[in-house]
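Participant: I'd like to ask you about the structure that follows.
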């Protein structure tokens, strides 16, 4: 077996390396990467048992590196290490991972024991999510559970696209876009047309405000969407 640790910060790589050497020598040797591209190259060459990936790295983010790693070495377990306790990143991982895939999402504030628990879970073929993010997920699932289609239109209005532009990109009608937006507004508790509070809010602006405050979406992800869509704002 082997292990890849990818992080652009030497301190973070050394922390994980020392922890793994002390507790999981069966995973040696350890290969280190300073950015997402190097991580993908190392995984392609060595087909490691695990890959620890920093979420924010030069050239390729941890999420984008995960997508490429799954193509090159689907048996490699993924452990995302992040400073962000946002639901959206775990949602992205779940989208990428096959139904039988093993991954963990840990925070850089995690204790050594939490890192080790996550490592053992992924080796066993299970998933592990930091308790702080679990609380965010539980809160989101009880309050604002958006479908994939609803989440797409929410992201697009955050980027400033019109209904017509969204319809064109999603290959649906403008009426379908409006229906999805109405569902988003309802789930987020935004007063719709015809209510006594209808004049208090611009629906789009209110949805964007709540989405950012409730961490349903974040600026880093919007940057990725914008880059993908090649939109100049």
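The numbers here are math on the coordinates, done by the rules we state, and not lab data. None of these values were measured; they are calculated from a predicted model. In this analysis, Cβ positions are derived from the backbone assuming ideal geometry, glycine residues included, and neighbour counts consider all displayed protein chains.
Participant: Over the chain, calculate the relative contact order: mean separation of alpha carbon pairs under 8 Å at least 6 apart, over the residue count, as a percent.
Facilitator: Relative contact order, the chain: 13 percent.
Participant: For Cα extents along the principal axes in Å, one of (i) 57, 38, 37; (ii) 48, 47, 37; (iii) 64, 33, 31 was computed from the structure I shared and the rest are decoys. Which label?
Facilitator: (iii)
Participant: What residue among 34, 91, 11 shows peak mean-square fluctuation when the chain is described by a Gaussian network model with Cα springs under 10 Å?
Facilitator: So, out of 34, 91, 11, the one fluctuating most is 11.
Participant: Hey, rough spin-label estimate for residue 172 and residue 1, points 7 angstrom out along Cα→Cβ, what's it come to in nanometres?
Facilitator: For the pair residue 172/residue 1, the computed spacing is 4.3 nm.
Participant: Right, next: How would the range 1-45 be classified by its alpha-carbon gyration tensor: rounded, prolate or oblate, with rounded meaning a/c under 1.5 and the a/b versus b/c comparison settling the rest?
Facilitator: Oblate, because a/c is 1.5 or more while a/b does not exceed b/c.
Participant: Still on this structure, please answer the following. May I ask you to sort 84, 168 by Cβ crowding, counting other Cβ atoms within 10 Å and putting the fewest first?
Facilitator: 168, 84
Participant: At a 10 angstrom cut-off on C-beta neighbours, averaged per residue, how do the peptides 50-58, 35-43, 169-177, 66-74 rank from highest to lowest? Please report the intermediate quantities before stating the final value.
Facilitator: Values: 50-58: 23.8, 35-43: 22.2, 169-177: 14.1, 66-74: 17.4.
The peptides rank, most packed first, as 50-58, 35-43, 66-74, 169-177.
Participant: Another question, if that's okay. Just 75, 114, 178 to compare: in a GNM of the chain, with alpha carbon springs under 10 Å, which one fluctuates most?
Facilitator: Comparing 75, 114, 178 in a Gaussian network model of the chain, the most mobile one is 178.
Participant: What percent antiparallel are the DSSP beta bridges of the chain, to the nearest 5?
Facilitator: Numbers: 0 of 20 bridges.
Among the beta bridges of the chain, antiparallel pairing accounts for roughly 0 percent.
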